[in-house]
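Comments concern the structure below.
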Amino acid sequence: MIRRIALFLALAFHIAQPANAQGALEPGWLLDGEASNLRFQSIKKEVVSESSDFATFTGEIFPNGKAEIRVVLESVDTKVDLRNVRMRFLFFETFKFPEAIVLANVTSDMIADLERNRRATFSLPFSLDLHGVKKTLVAEVVATLLSDDRISVATARPVAISVEEFGLMDNLAKLEEAAKVDVVPSATVTFDFLFDRRGTGGAPLAGEEDGQMAATDATVDEKFDTEGCTGRFEILSRTGNIYFASGSARLTDESEPLLQELLDITSRCPGIEVEVAGHTDSVGAAEYNQRLSERRAKSVADYLIRNGIAPERLTAKGYGEAQPVASNDTAEGKGKNRRIEFLPRTN
């Protein structure tokens, strides 16, 4: 019984490593993703609350006392297709940061408390790795022993997540601009997780196949309709994640993740022709900027062609400094004006 209790409490996300917990955690526990839920709540227009889910997440509590939850950020579900795409590409930047990771350990005090009462509330710290930033936060959770082989852990109160602390303020600005709505720069997270002891129910013993799920924008062969294609190209145009060497049309390695997403979406929109439009800021001569924008647009189109997109579906066009979207008087504005856009046209 002590062993089963310890496994449950590992999910409570305590950082301290217990000296005597290792033996009690054998043989390990697995998260039942289908029976669990993970949600976050955001506020827009100052008063409108929205609740969204993550459809895909996995978790395990290891015999050495370590607990781990991995959240596939591409699986964000706002119940609206293009809103999901904006969250993935503009806010989470899943092409660079596909997962959020929670790490934790178990303590003997938690084990004892839950064994006595079969239900206990703990105020506990946890480690969150999100968007390349690691922070220690605190969650208040309710732990319940449902049976000898099944444990529940849920938030007693929502956990506040700061957008600024995880380096997401610029991403939030892109999201607000695309959605044309103000969003409060924080969110609250709630969860209700169920764990099964390995070797029982649907939890295999260590070394067996766990059947991990993978989240994707769609199934491999699924095509998007016209609205879905148009919306996706518009969102890709706002990411600002295509980069060139200074004063050059050479794509940098940092551009590869977004270029792969662009390739995938273009492949799933076979009835769409795309204009790849290059833009620059106003630094330098206008004639030079015009030529540079043309070369950069062609570099992106050539990438798609090299990777299987029919040339007749693509047009590369440069606009130089003629169509700014922000002031060229600031570094931020210049950065916004140096951009590649994707303008879809139906056949």
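The values are calculated or read from the model by the stated rules, or taken from the named source; none is laboratory data. Predicted model only: the values in this text are computed from it and were never measured. Virtual Cβ from ideal backbone geometry, glycine too; neighbours counted across all protein chains shown.
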Legend entry - Candidate set: segment 19-71, residues that are at pLDDT below 85 and among the acidic types (D, E); chosen: the one surrounded by the fewest Cβ atoms within 10 Å (Cβ to Cβ): E46
Inset, instruction - Pick out, from segment 80-174, the strands (runs of 3 or more DSSP E) lying fully within it that include 1 or more residues that are of a type in the set (D, E, K, R), out of contact with any Ser or Thr (no Cβ under 8 Å at 6 or more places or on another chain) and over 22 Å from G28 (Cα atoms). - result: 99-105, 119-130
Inset, instruction - Would you confirm whether any residue within segment 154-168 is surrounded by 13 or more Cβ atoms within 10 Å (Cβ to Cβ), among the polar types (S, T, N, Q) and either within 20 Å of K66 (Cα to Cα) or modelled with pLDDT of 95 or more (or both)? - result: yes
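Do the conditions hold for A218, that is, is it in a loop (DSSP other than H, G, I, E, B) and modelled with pLDDT under 95?
Working: in a loop (DSSP other than H, G, I, E, B): yes; modelled with pLDDT under 95: yes.
When the stated conditions are applied, A218 passes them.
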Inset, instruction - Those residues that are in a loop (DSSP other than H, G, I, E, B) and closer than 13 Å to G320 by Cα, I need them from segment 260-294; list them, please. - result: T280, D281, S282, V283, G284, A285
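Could you list, in sequence order, all residues of segment 105-130 that are under 23 Å from V76 (Cα atoms) and surrounded by 20 or more Cβ atoms within 10 Å (Cβ to Cβ)? Working first, answer last.
Filtering segment 105-130 for residues under 23 Å from V76 (Cα atoms) gives 126-130.
Selection gives F126, L128, L130.
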